[in-house]
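Heads up, the thing below is written out as structure tokens.
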Amino acid sequence: MHIVAFEPLLSDASRHFVHHFLVYGCYDEEGIYCATTWAWAPGIEIFVAPPEAGFRVGPSPEAYKTILMEIHFTNFEHASGVLDQSGIRVHYTAKLREHDLDVLQLGDALITQHPIPQGEGIVTFEYNCPMECTAKYPHALHVVSDLLHMHKAGSIMYSTQWRHGALVREINRVEFYQYDFQHTIPLSFTIEPGDRLNTHCTYHKNSDHAIPFGLGSREEMCMEYLAYWPKLPNPPGLAGCGFMHDPALGRNFTICDNEYLQVDGEYTYNPTVMDPPGGDLIRFGVKNPGVYQCADVVTSMPAAEQSNHASGLIAPMFFVFCSFLFAMM
Ligand SMILES: [Cu+2]
């Protein structure tokens with residue numbers, strides 16, 4: 001069958017505490033090998049798939065076997081005795097549609113960005129999904145929707161599509177980002193193999209303290225979720241296509257197809273600043289361990305897996321640990 005809509009159902013009594021939902025499609029019954037299919041955050045309404053596509057669920061290998069949902073809560077006031085009954089309604093059809101949908105995550109999908117430095121003014125981070133990644137796609141991607149996601153320090157966010165070094169389009173832009181008013185926009189355009197996709201996030205700095213990246217509302221994120229069809233045969237999954245800082249190796253990498261990207265035998269760094277800057281650009285390179293949930297898992301990997309990791313392969317378990325860790329926080 002095909003899932004054709006995800007509908008958020010927020011409990012009025014507790015919606016104030018609901019930070020976001022993450023809905024994963026998993027390729028096993030235990031909910032271990034999963035990829036993001038939908039995200040809800042304040043402001044987002046029902047997601048309805050276009051009539052030609054849906055998220056495939058069922059016994060075939062490319063279909064999800066299990067749907068996993070996480071709800072993250074914020075409770076700054078340390079309120080007690082609150083019972084949350086929020087959830088989602090999943091709409092599906094047994095009449096198969098022509099295409100399978102999937103979601104491509106761009107930006108800092110694994111939340112490993114260095115903190116926003118303490119200070120005045122704004123700062124911009126830019127990540128790219130380079131042509132070397134999309135060149136591996138066996139077909140074009142037809143994009144149907146996009147969500148830009150940051151937290152409360154977020155100010156401006158936009159994304160662009162490039163082909164042969166020239167701007168094709170601005171994919172999405174939020175000029176006055178409001179955490180409480182996020183929205184998924186319907187889109188209709190094509191990503192060709194060899195295109196480059198850039199995601200930009202601009203934040204207000206805090207004069208009292210640095211702002212780490214993480215799951216909390218007072219931490220930050222820079223993530224973009226593009227829903228597209230037809231589904232790639234080797235979907236990039238949770239890692240998406242973009243940036244990861246690996247503290248075990250002390251370096252920033254480009255991730256695509258669940259691996260660190262190599263060009264001419266050399267690992268590529270990300271971000272590479274290519275678009276005209278939208279603010280003060282941060283240059284990377286300062287190693288600052290201790291704030292990365294996923295990275296902690298990398299550090300604690302057995303030596304054998306680390307060498308596997310260093311050769312460019314990220315064990316699927318890595319992502320599993322990340323998602324479990326997220327679920328517990
Ligand atoms: Cu978030």
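The values are calculated or read from the model by the stated rules, or taken from the named source; none is laboratory data. Nothing here was measured: the structure is a model prediction, and the numbers come from that model. Using ideal geometry, Cβ is built from the backbone for each residue, glycine included, and neighbour counts are taken over all protein chains shown.
Okay, here's what the table says:
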| item | result |
| --- | --- |
| Of all residues in the range 72-88 being part of a loop (DSSP other than H, G, I, E, B) and small (G, A, S), the one that is farthest from the ligand (Cβ to nearest atom) | G81 |
| Residues located in the range 72-127, provided they are crowded, with 20+ Cβ neighbours inside 10 Å and among the small types (G, A, S) | G107, A109 |
| Residues being more than 16 Å from the ligand (Cβ to nearest atom), part of a loop (DSSP other than H, G, I, E, B) and hydrophobic (A, V, I, L, M, F, W, C) - total across the range 108-144 | 2 |
| One residue from I156, I171 being in contact (Cβ under 8 Å) with a residue 24 or more places away in the chain and either over 28 Å from P230 (Cβ atoms) or among the small types (G, A, S) (or both) | I156 |
| Segments classed as strands (runs of 3 or more DSSP E), wholly inside the range 1-54, with at least 3 members that are within 16 Å of the ligand (Cβ to nearest atom) | 18-26, 34-40 |
| Some residue of the range 145-153 being part of a loop (DSSP other than H, G, I, E, B), under 17 Å from I255 (Cβ atoms) and aliphatic (A, V, I, L, M) | no |
| Residue list for the range 173-197, filter: of a type in the set (S, T, N, Q) and modelled with pLDDT of 95 or more | S188, T190 |
| Tally of residues being surrounded by 13 or more Cβ atoms within 10 Å (Cβ to Cβ) and more than 16 Å from the ligand (Cβ to nearest atom) across the range 59-71 | 7 |
